[in-house]
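Laboratory data are not the source of any read-out in this text; all were calculated from the coordinates shown. All values reported here derive from a predicted model rather than from experimental measurement. Here Cβ is always computed from backbone atoms with ideal geometry, including for glycine, and neighbour counts include all displayed protein chains.
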Amino acid sequence: MQVVRKRRRSALERRKALTGRIFCYFWVVGFLLFVATPLVQSLTYAFGKVEISMGNVKVSPNGWNNFARAFTTDAEFLPLLFDSLTVILIDVLLVTFFSLFVAVMLNRRFRGRALLRTIFFLPVIITSGALIYVMQSDVSAQFAGQSAQAGMPMLQTVDFKQTLLTLTGNNPAVVVLTDAIDRVYQIIWKSGVQILLFIAGLQAISPALYESAEVEGSTGWESFWKITLPMISPIIVINLVYTIIDSFTDYNNTLLRYIQDVAFGTTLDYGYSAALAWIFFAVISVILALSVGILSRRVFYMND
Amino acid sequence: MTKILFKKINRATAVKRTKRLVYGLFFAALFCGIGYILVYPLIYIFTTAVKSPADMLDMTTVWIAKAPTLQNFADAWGYIDYAEALSSTATIAVGVTALNLAACSTIGYGFARFRFRERGLLFALVVFTLIVPAAVIILPQYIQYINFDVLGVLRATLGGTLNLKSTYAPFFLPAIFGQGLKSGLFIYIFRQFYRGMPVELEEAGYIDGCGTVRTYLRIMLPNAVPAFITVGLLSFVWHWNDVFGQAQYLDEFRPTLSMKLVGIVGYITKSSVVTDLSYVVPTKYAGVALVILPLIAVYLIGQKFFVQSIERSGIVG
């Protein structure tokens, strides 16, 4: 009896594994067809000298020279890399907290909820692609100028910042804090997708969980820590991953702009640009792997 | 005795009520502030779009035009060739989004629910494609699409390669296999959602004799509506606004709204006698408004389903 049952289950397991493989290898086929070749190609560019003429690309081998140049002779690359790393670290933390907070608030029942949700999705519409190109020169410049003056008391941190810095004698910890306050405007703008993902995740939590907790006498605060947070933890990970990727591929990322400039700007040095991009890419991969590795141990999945 | 008790309860509810009021006021103020920051560009777009040249020159007009005009919209319509560009953009946005939903949900389900040895490795590869900086891949991918070949098969059978420039293929083909713009993120979203669903739902399906595919189609799909709406919206918006990919492949074919929008100032100054900024700026914003209006409409419709979906999903515990 025991043996039969065991064999049966393993047959089902095997069949499920096969289905899963079919589902996932579909993606692998696409990867091999559309992404693998360009990636390998780009690696050969990184290790070579690239000359583009009349739509033809000529690559001659160049060894590790491009990479050596990035770390030894290029005066701009390393500072830009460290700058974007610190910015991203702070941004990721702030965006995650802010979007979770807003999503939890927006998930409660109150009048005007639908309107507010629509408003919080606006950044996703406005800060992508064409609109940002067209509007960057006008609206954001105007808005930034206005907030630095008297228009937005909420964003007016300049004087406060100065006082704080003099009081603490330019303590680096305080500098980080005031920089973060200066970026409030950006943080709000960057959180659109994350808020949307959190709301979708919150909606997937069964109301029955909250009801039974309430019957047992749990306060809202306790429900948040014991129900909302564990149930939403898979979405926290994905939001973290998204925020890191988003900051790295952001139009405003100075390092990325520098890389693009090397390739398509004045120098047209595509090989060196590819090498820089690959270094950058390796750094992101390490950061992502570390943060996801640490976090996914704490993530709660209902079924695992 | 009872009187004292009542008094106590009354005081408790009064405290609770004030507490709630204070909380309410605090959040109302907070959300008004944040809301203002977020709505500001939109107000700016629409108020500027209806301004006449006279309003632009009038220093006392800040927000509301004194002589509002819809002429700007009509002009912008012509400059960006709205009907033509809209159909091109809609083809890409709707088509790719549909393909993305079909492909990414299936692939995401595969990663979420089935165990096989190399799953972790493959999923790492999915995330890896997400973080490839555009600068790495732009040029080689472009070369690949203008000399398109499926593992040497086309060269062998047709004696040449395909030039997929000036077709929609560079958008549709990769999307079929979950390789489009940010498809990795969509696979990730679906995976996280499916992983969070109770496994009992599927077990019920298996016990009732459904196969894996039917269980997926009949049980999991209807329960994943929030994920579908989320991914659908994001995919739609990103393809609607994407400039770079579209400019690369559709430049000489059927220009899209986003491409037109990027060049709108050029179109206005080139084909109009009036090149004064007081005319160009409002017309430009009329163009911006025309481009984002469909997006806002789609979001409002999606939002409705978004709120409903929870009542329909029927998942308990």
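For a quick check: sort B:Lys165, A:Lys226 by the number of other beta carbons within 10 angstrom, fewest at the front.
Final ranking by Cβ density, sparse to dense: A:Lys226, B:Lys165.
Can you compute 3J(HN,Hα) from phi for each residue in region A:202-212, using the Karplus curve 6.51 cos²θ - 1.76 cosθ + 1.60 with θ = phi - 60°, rounded to whole Hz and x for Gly and Pro?
3J(HN,Hα) across region A:202-212, in whole Hz: 5, 5, 7, 7, 5, x, 4, 4, 5, 4, 5.
Return the whole-Å distance between the Cα centroid of region B:190-204 and the Cα centroid of region B:1-73.
40
Rounded to the nearest 500 deg cm²/dmol, what is the calculated helix-only ellipticity per residue at 222 nm for chain B, with -39500 (n - 2.57) per DSSP H run of length n ≥ 4?
-24500 deg cm²/dmol
Scan region A:9-81 for chymotrypsin sites (Phe, Trp or Tyr not before Pro) in coil per DSSP, keeping those whose Cβ has at most 15 other Cβ atoms within 10 Å, and list them by number.
Here the sparse-neighbourhood loop sites are A:Trp64.
Suppose R0 equals 22 Å; then what is the FRET efficiency for A:Glu51 and A:Thr73 from their Cβ-Cβ distance, rounded to the nearest 0.05?
0.60
Set the Förster radius R0 to 51 Å, insert the Cβ-Cβ distance between A:Ser218 and A:Ile294 as r into 1/(1 + (r/R0)^6), and round the FRET efficiency to 0.05.
Efficiency computed from Cβ-Cβ geometry: 0.95.
At a 10 angstrom cut-off on C-beta neighbours, averaged per residue, how do the peptides A:89-101, A:282-294 rank from highest to lowest?
A:89-101, A:282-294
With the contact rule set at Cα under 8 Å and sequence spacing of 6 or more, what percent relative contact order holds for chain B?
The normalised contact order for chain B reaches 29 percent.
Using modelled amide H (1.01 Å from N, peptide plane; none on Pro or chain starts), what sits under 5 Å from the amide H of A:Lys49, excluding residues fewer than 5 places away?
The answer is A:Ser60, A:Asn62.
Between B:Ser52 and residues 5 or more places away or on another chain, which pairs have amide H atoms under 5 Å apart, with H built 1.01 Å from N, and which residues are they?
B:Ala67, B:Thr69
Quick one: Cα centre-to-centre distance for region A:276-291 and region A:192-221, in angstrom?
34
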